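See below for the structure under consideration.
Where a number appears in this text, it was derived from the coordinates with a stated rule and is not lab data. What you see is a predicted model, and the numbers here were worked out from it, not measured in a lab. A quick note on method: Cβ atoms are made from the backbone with ideal geometry, for glycine too, and the neighbour counts reach across all protein chains shown.
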């Protein structure tokens, strides 16, 4: 017979109380399984029998995890971060200006008078009107300046490009005229030109690397894209005054102001290069037409043996047209033109 101590008997009894058979509960039972309750430990202050080891009282059982609850994952370093000040300040922390306490000092005498209030309102209204006027004037000046710049840009780039394109067309027309049959000879083996027709080329290497194709006539429709010949004047190489008029734009004659005495201007016809040398220039009134006389500035005088003139003129000043800028040149040489040959040096070299 095995003798069991009272402690073992008590332990066995508690285990038996917590045993649940499969018949009492299963996962499919409607009732939840009974909850185990830890046995109460010895009362506080109770003495432990001698020779017996004290059994610690089991602590509370950990709570079961809820399978329907999802635990949020937190980065490892998040818990270690120190808390900073919030991005949005508290209502009391948004003040920019300090709160000025109410001043108990009474207002100076006359501060509330109607006359003073009227003067203050009038002064502020006057200042506001002046500022508005100055601001409006400044905006108007800026707008006008922008318009002027746009116009200048168009004159320099837009008009110049359009003229250069038309000059290419006129150059092709001139080649066709020179290569065609001549029934009525007019200018060095070429036919007599009609108004607006191309008849020659002009070179001035000191102010332009490309040539101009010249047309007949000086009416606005004739000289829209090219310098034109004054109808009562001479033809290239003839005795008298061969006069050309051109618009005051960079692609035509605005740069003749840069021609100096000694510079060369070459006129190319179907058969000949006529080389003229610049003599002088002047600014005249728009009504002074004696610049086109056979002897420039000497109307009624018959041209002599040395009067083989080339006169170039355009509007003056650069951005207006109430005067004329005139350049006078005289014939100094003639070179036979070879259609397959090179241009003379005077036509391409500013130093020639």
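Sort 281-288, 264-271, 164-171 by packing, meaning the average of other beta carbons within 10 Å per residue, with the highest value first. Kindly include the intermediate steps, with their values, before the conclusion.
Details: 281-288: 12.6, 264-271: 21.8, 164-171: 14.5.
The most tightly packed comes first, giving 264-271, 164-171, 281-288.
The Rg/Rh ratio of region 171-348, with both radii computed over alpha carbons and Rh defined as the Kirkwood radius, is 0.94. Answer rounded, prolate or oblate for region 200-291, using the Cα gyration tensor with square roots of eigenvalues a ≥ b ≥ c: rounded when a/c is under 1.5, else prolate when a/b is larger than b/c, else oblate. Rounded shape, in that the Cα axes give a/c under 1.5.
Here the peptides 134-143, 201-210 are ranked by packing, the mean other Cβ count within 10 Å, and the order with the highest first is 201-210, 134-143. With no solvent and one equal point scatterer placed on each C-alpha of region 201-242, evaluate the Debye formula and give log10 I(q)/I(0) for q = 0.20, 0.24, 0.34 Å⁻¹, two decimals. Here the Debye-derived log intensity ratios amount to -0.69, -0.89, -1.07.
So what is the relative contact order of region 171-348, in percent, for Cα pairs below 8 Å that sit 6 or more residues apart? Walk me through the intermediate numbers first.
Details: 409 pairs, mean separation 37.1, N = 178.
Once normalised by length, the contact order is 21 percent.
Arrange the peptides 335-343, 185-193 so that the one whose residues have, on average, the most other Cβ atoms within 10 Å appears first.
Numbers: 335-343: 11.2, 185-193: 16.6.
Ranked from most to least packed, the peptides come out as 185-193, 335-343.
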